[in-house]
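Chemist: Below you'll find the structure I mean.
The values are calculated or read from the model by the stated rules, or taken from the named source; none is laboratory data. Keep in mind that this is a model prediction, so the values were computed, not measured. FYI the Cβ positions are ideal-geometry reconstructions off the backbone, even for glycines, and counts take in every protein chain you see. Side chains are part of the model used for accessible areas, which takes the heavy atoms of the whole protein and leaves out ligands, DNA and RNA. Shrake-Rupley method; radii C 1.70, N 1.55, O 1.52, S 1.80 Å.
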Amino acid sequence: QITDEGLSINKTYVGPVYPYDTEGLPLPVLRMSYTIKEDEVFLASPYPRSFDSRYFGPVDKKDIIAEVIPLFTFPP
């Protein structure tokens, strides 16, 4: 569920949903209760400023063409 209060998955709060990015530009407003279908994934990062499915919704599995493996990570 995506609300003004944030993203929750299976009734567990995951993180905020921001109206603006770090440069003050408006982000897409997606507010919904949704059950992911078998052929979909919901891409969500633990990093609160990540541009992920909380802004663009679920993704069809057929549209995923690669996996990214981080070489370096930084604390949030």
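Chemist: To make sure I understand the rule: partners must be aspartates and glutamates, Cα under 16 Å from the Cα of Lys62, and not fewer than 8 residues away in the same chain. Which ones qualify?
Modeler: Within the straight-line cut-off, Lys62 pairs with Glu38, Asp39, Glu40.
Chemist: Turning to a different aspect of this structure: For every other residue with a beta carbon closer than 14 angstrom to the beta carbon of Phe42, add +1 if it is Lys or Arg and -1 if Asp or Glu, then tell me the sum.
Modeler: -3
Chemist: How big is the dipole moment of the chain about its Cα centre under a simple scheme where the beta carbon of each Lys and Arg is +1, that of each Asp and Glu is -1, and everything else is neutral? Debye, nearest 20, please.
Modeler: 160 debye
Chemist: Express the accessible area of the chain per residue in Å², computed with a 1.4 Å probe while the remaining protein chains stay in the model.
Modeler: Per residue, the chain has an accessible area of 81 Å².
Chemist: Please compute the alpha carbon radius of gyration of segment 28-72, then divide it by the globular-protein estimate 2.2 N^0.38 Å. Two decimals is fine.
Modeler: Normalised by 2.2 N^0.38 Å, the Cα Rg of segment 28-72 equals 1.27.
Chemist: Can you spot the aspartates and glutamates whose alpha carbon is less than 15 Å from Lys37's alpha carbon? Ignore those fewer than 8 places along the same chain.
Modeler: Asp60, Asp63
Chemist: Run the accessible area of the chain with a 1.4 Å probe and give the carbon-and-sulfur part as a rounded percent.
Modeler: In the chain, the share of accessible area belonging to carbon and sulfur is 59 percent.
Chemist: Turning to a different aspect of this structure: Computed on alpha carbon atoms, what radius of gyration and Dmax characterise the chain, expressed in Å?
Modeler: 13.3, 36
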